[in-house]
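Engineer: First, the structure itself, so that you have it in front of you.
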Amino acid sequence: MSTSPDSALHIMQKLKFNLLTSHSDKALYALLMSQALDKRDIKVESDSLISIATKYFDEKDPVHAGYAWFYKARCANYRGDAKVQADALLKAQEFAEKANDPKLQGLVYGDKGRMYNSQGQYLNSIYFFKSAYNRFARIKDYRNCILSTINIGYNYLYTSHSEKAIPYYLLAEKNLVHYKDTLLLSTLYCCLGGAYFERGNYIQALAYYNKVPLTYQPYYDSNKWFLIANTYFKTGNNDSARFYLNKMTKLQENAPGYYRLWQTVYENEGNTTKALYFSKRVTVVTDSLYKRKLDVSFAGLERKYKYQGLQLSNKELIIENNQKDILLLISLFILSLGASSVLFWRNKVKTHKLKIQKQLLEHEKMLVEKEKENSHLLEKQLKIQNVLLSNVDQYRKNSFKRPLLSDTKQVGISPVLNLTFHEELIASMDIQYSDISKRLIEHYPNLSERDILVCCLLLADFDTGMISSILN
């Protein structure tokens with residue numbers, strides 16, 4: 001069994017994917033592979049591969065997350081699951097706006113425009129195609145700018161401003177002069193022919209239909225044959241209409257129109273059997289296409305999605321506010337603890353200072369009392385010293401008078417026999433010369449009491465005559 005190049009490419013890509021180990025590599029590879037397949041117009045209906053990317057990429061990487069959800073929407077579109085397509089597109093738009101990626105935003109807005117068009121909400125479709133055009137123009141993506149312009153014109157055909165369609169088509173044609181693309185030319189001329197067809201200008205419509213180049217892709221070429229056949233039928237040329245209808249090989253979205261045109265042709269010819277057959281085919285394919293569309297309004301679904309997003313945002317805000325309140329309370333508690341600690345420390349320092357001051361006052365008071373005691377002692381010592389000195393002076397004076405007296409008198413009054421004089425003299429010298437008597441005994445232990453007395457007499461300025469008289 002032969003395998004097409006595109007299928008072989010898909011299989012090879014999957015084999016490479018299975019060799020990857022890390023989740024990030026697998027997610028990125030799944031995204032790049034989906035992107036490559038979409039560019040090659042390979043319509044992958046299963047979203048098992050791209051779901052790896054949608055599960056891995058999140059708000060931390062909004063660009064890759066946005067593209068992943070965009071290609072998941074494309075997969076849903078290829079298999080006819082409009083509900084999943086709508087949900088994925090809204091998710092992709094959310095990430096695209098967070099990422100601020102013009103290319104991604106333009107792609108998402110373009111697909112949203114197509115979904116609105118499929119539901120007949122042409123003004124909404126025009127709005128999103130214009131938004132897509134602005135994003136593509138910002139990054140100078142001329143091909144997608146042309147596609148957006150064509151789609152804007154196409155939607156205007158079904159509004160009350162159908163006259164605006166042709167100017168948009170002509171603008172696209174002007175931009176296509178330097179951009180050779182057979183598919184774009186085919187689409188543009190089909191749309192221009194359709195605009196003139198809606199106005200009833202069938203000659204001009206046929207002129208543009210005949211300018212549509214062959215793409216050798218069954219879907220696009222079959223679309224050209226259908227438009228020409230329908231125009232010939234409107235002019236009453238049933239034979240030409242039958243000729244071009246027979247050239248069609250790929251119907252898809254044109255199926256209802258194709259069978260309805262055959263029905264009308266056979267009705268005009270009076271062939272009721274054939275007309276009834278094609279009438280039934282119209283019903284079948286219409287039901288089939290209807291099932292592919294959303295069973296609810298895409299605009300309503302988008303509002304619901306935004307409302308759910310707002311509810312989630314409100315919950316997050318409530319949680320955030322509660323967290324802020326808790327943080328504020330914790331901060332106030334910490335500040336109160338800090339203030340209490342500072343006050344306690346200051347009070348402790350103050351108490352310590354008062355204690356030290358009290359101790360200093362008590363110490364100062366003790367010093368004052370000691371000074372008073374010392375002053376009293378000093379005063380007493382001075383009094384004693386003065387008394388002793390006066391006694392010494394008195395004995396000195398008496399010593400001057402003693403040689404005039406008789407020997408019997410001298411012996412009777414000799415100071416040496418007066419122990420009180422000795423004691424007073426030594427005490428007086430000890431006061432004046434810092435315990436001279438004790439120091440002499442310490443340094444010269446062999447000295448007698450009499451020797452000490454002689455030393456004290458010499459210190460008291462008694463001359464040798466006085467000393468000999470005193471010592472008899």
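Engineer: Could you check the spin-label model distance between residue 41 and residue 367? Points 7 Å from the Cα along Cα→Cβ, value in nm.
Structural biologist: Roughly 11.0 nm, to one decimal.
Engineer: Next question. Multiplying the sequence separation of residue 198 and residue 438 by 0.36 nm and subtracting their Cα-Cα distance, what value in nm do you get?
Structural biologist: Numbers: separation 240, 0.36 × 240 = 86.40 nm, distance 14.70 nm.
Full-extension gain reported as 71.7 nm.
Engineer: For residue 357 and residue 390, what does the FRET efficiency come to when R0 = 51 Å and r is the distance between their Cβ atoms, rounded to the nearest 0.05?
Structural biologist: About 0.60, to the nearest 0.05.
Engineer: Let me ask something else about it. Rounded, prolate or oblate: pick one for region 139-245, where a ≥ b ≥ c are the square roots of the eigenvalues of its C-alpha gyration tensor, a/c under 1.5 means rounded, and failing that, prolate if a/b is larger than b/c, else oblate.
Structural biologist: Taking the square roots of the gyration eigenvalues as a ≥ b ≥ c, region 139-245 is oblate.
Engineer: Right, here's the next one. Under a 1.4 Å probe, what is the accessible area of region 120-170 per residue, stated in Å²?
Structural biologist: Per residue, region 120-170 has 48 Å² of solvent-accessible surface.
Engineer: Relative to a virtual label point 7 Å from the Cα of residue 283 in the Cα→beta-carbon direction, which members of region 252-269 show backbone nitrogen distances below 19 Å?
Structural biologist: 255-267
Engineer: Karplus couplings for region 145-155 from phi (6.51 cos²θ - 1.76 cosθ + 1.60, θ = phi - 60°), rounded to Hz, Gly and Pro as x?
Structural biologist: With coefficients 6.51, -1.76 and 1.60, one gets 5, 5, 4, 5, 4, 4, 5, 4, x, 4, 6 Hz.
The values are calculated or read from the model by the stated rules, or taken from the named source; none is laboratory data. Because the structure is predicted, anything quoted here is derived from the model rather than measured. Virtual Cβ from ideal backbone geometry, glycine too; neighbours counted across all protein chains shown. Heads up: the accessible areas ignore ligands, DNA and RNA and are worked out on the full protein's heavy atoms, side chains in. Shrake-Rupley method; radii C 1.70, N 1.55, O 1.52, S 1.80 Å.
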